[in-house]
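Accompanying notes for the structure given below.
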Ligand code: N01
């Protein structure tokens, strides 16, 4: 196939890739892009848009951020069906937003980027897709997300299991679960949504827990039609509601970041929830965490503890010691037979990009450069990698509010960078190494005192205990920081061709 070219290539069509594509459609004139949208291409390896919400299809998958805050600010949805929207509804919302904003022609679905190499002679990135197509772009924007590569557990014998093995982020609806003996490894955010659904259909369910999670009540329920009508009719009310939600969630960042001892209030609430839902003292003990709440992600569920109390469900505390052809051994070596193995073991969060995909000037491998602890300037740019910007990059994750707020702030920032490149005819733009280092030294210093560094192991941290994933502050603070471009923090090259 002939080589194609666009000014900008976006990698990934999840929420961040979609929000970026919409922003570029709205800015074609100020960015000097062709009005027909041909200046932008979005590569997506899945056959549809939606990113994490397209691939996480396990039963019970839903959002644990309130629906009215889990939407783009310019695309409100007054008729969310529930306080916490289920995955299929979020996916429909993403499709609707794409349609309403005309995103479509720029999409290359089923076309993942296998490699992206910076060509110093032309000042362009050369992309090669997993379909064998070639493409060049002046700028690439990574919108692959932090939680896109499933993590397999390091349990001996995993490859020996004879039955179907499902990861929560690679669900296969064709696998029969009804009446089967099912073993679930992991008790994180995905597992606690899945386990109650599996408990309903499985003949027997073993849940292998390595570390008990902290769980607080989930104030979920259907949203009444009168409330949906009110939200549709009164945009001001809708905005007020969203702002109230945003403030009430953002205020919690104070406890996570500055006053971890305040988390004691949430611990009290979680322990009361556990006492109310689990009458058996031995099971309650096994489910009681021994680390500070918030150190790992706080989970919200009303149906997880009751599911563990059902007669066909057993909690295997202490985790799994080995996997055999026909089951899983617990920490005491006892084999629990299973027909289906479910891995709810999370993602390669500190290694979102594998090695051998993105190569900067001089063939420098971005994943090697990142190692186990990626860092970037404002989560958006990396020194030595010109014309490459990140959405949901290092240290932009949240433990307390909606990622869409962070995504919109980053999309606005990248749009500013692109406008600067266009206005000044820049050939290349990259962040200065000293600016990036200063930013990250300050960030890690702030992260040291947070609840996330209070002594537990979590996907937030790298092997050496640094935190390359979370933003240590409020969403308002991040928005403010990204509102202004500090041009001296960048090194640019003029003399753009074409
Ligand atoms: O993954 P996790 P997840 N032996 O990494 C266990 C987002 N999300 O997919 O705690 C035994 O949280 C591991 O045990 P431990 C959200 O940001 C959002 O559940 O490390 N167990 C843990 O229990 C979330 O935080 C929504 O000791 C092993 C589990 O596997 C993120 O995705 C919904 C093991 C992994 O939990 C990831 O959640 C779902 C081993 N060898 C997810 N290895 C929303 O609602 C790992 N584990 C928006």
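Here are some notes:
- Measuring between their Cα centroids, region 159-221 and region 468-498 lie 40 Å from each other.
- Rounded to 5, the percent of DSSP beta bridges in region 120-213 classed as antiparallel: 45 percent
- Seen against the Cα atoms of the chain and their longest principal axis, helix 189-201 is set at about 50 degrees.
- Converting the Cα gyration tensor eigenvalues of the chain into ellipsoid dimensions via √(5λ) gives semi-axes, longest first, of 39, 26, 23 Å.
- Expected 222 nm ellipticity per residue - DSSP helices of 4 or more, -39500 (n - 2.57), all of the chain, to 500: -9000 deg cm²/dmol
- Sorting 450, 494, 129 by the number of Cβ atoms found within 10 Å of their own Cβ, with the fewest placed first, yields 494, 129, 450.
- Peptides ranked, highest mean first, by Cβ atoms within 10 Å: ranges 225-231, 143-149: 143-149, 225-231
- Helix 403-423 and the long axis of the chain differ in direction by around 10°, with both axes built from C-alpha atoms.
- Relative contact order (%) - criterion: Cα under 8 Å, at least six apart; region: region 321-420: 13 percent
- Each DSSP beta bridge with both residues in region 199-347 is either parallel or antiparallel, and the antiparallel ones are about 50%.
- Projected over every direction and averaged, the convex hull enclosing the alpha-carbon atoms of region 293-366 yields 8.9 nm².
- When DSSP beta bridges are restricted to pairs lying wholly in the chain, around 40% turn out antiparallel.
- Distance from the alpha carbon centroid of region 256-289 to that of region 380-440 works out to 38 angstrom.
- Percentage, to the nearest whole number, of Cα pairs in region 273-327 over 13 Å apart: 69 percent
- Two-decimal ratio, region 92-241, of alpha-carbon radius of gyration to 2.2 N^0.38 Å: 1.53
- For region 418-498, the fraction of C-alpha pairs more than 22 angstrom apart is 44%.
- Each of 15, 490 was scored by other Cβ atoms within 10 Å of its Cβ. Arranged with the fewest first, they read 490, 15.
- Contact order for the chain, expressed relative to its length and based on alpha carbon pairs under 8 Å spaced 6+ residues apart, stands at 20 percent.
- 0 to 90° range, to nearest 10: angle between helix 264-277 axis and the chain longest Cα axis: 50 degrees
- Here the residues 7, 324, 493, 154, ranked from fewest to most Cβ neighbours within 10 Å of their Cβ, fall in the order 154, 493, 324, 7.
- Label-point gap, in nm, between residue 286 and residue 3 - each point 7 angstrom along Cα→Cβ: 6.0 nm
- Taking label positions 7 Å along the Cα-Cβ direction at both residue 162 and residue 115, the computed distance is 4.2 nm, reported to one decimal.
- Separation between Cα centres of region 339-369 and region 298-321, rounded to whole Å: 30 Å
- Relative contact order (%) - criterion: Cα under 8 Å, at least six apart; region: region 15-84: 21 percent
- Rh by Kirkwood over Cα pairs, then Stokes-Einstein D for region 273-404 at 1.567 mPa s and 4 °C, µm²/s: 68 µm²/s
- Taking N as its residue count, the alpha carbon Rg of region 5-144 over 2.2 N^0.38 Å: 1.12
Every number in this text was worked out from the coordinates using simple rules, so none of it is lab data. Everything numeric here is computed off the predicted structure, so don't read it as measured data. For neighbour counting, all protein chains shown are included, and Cβ atoms are generated from backbone atoms with ideal geometry for every residue, glycine included.
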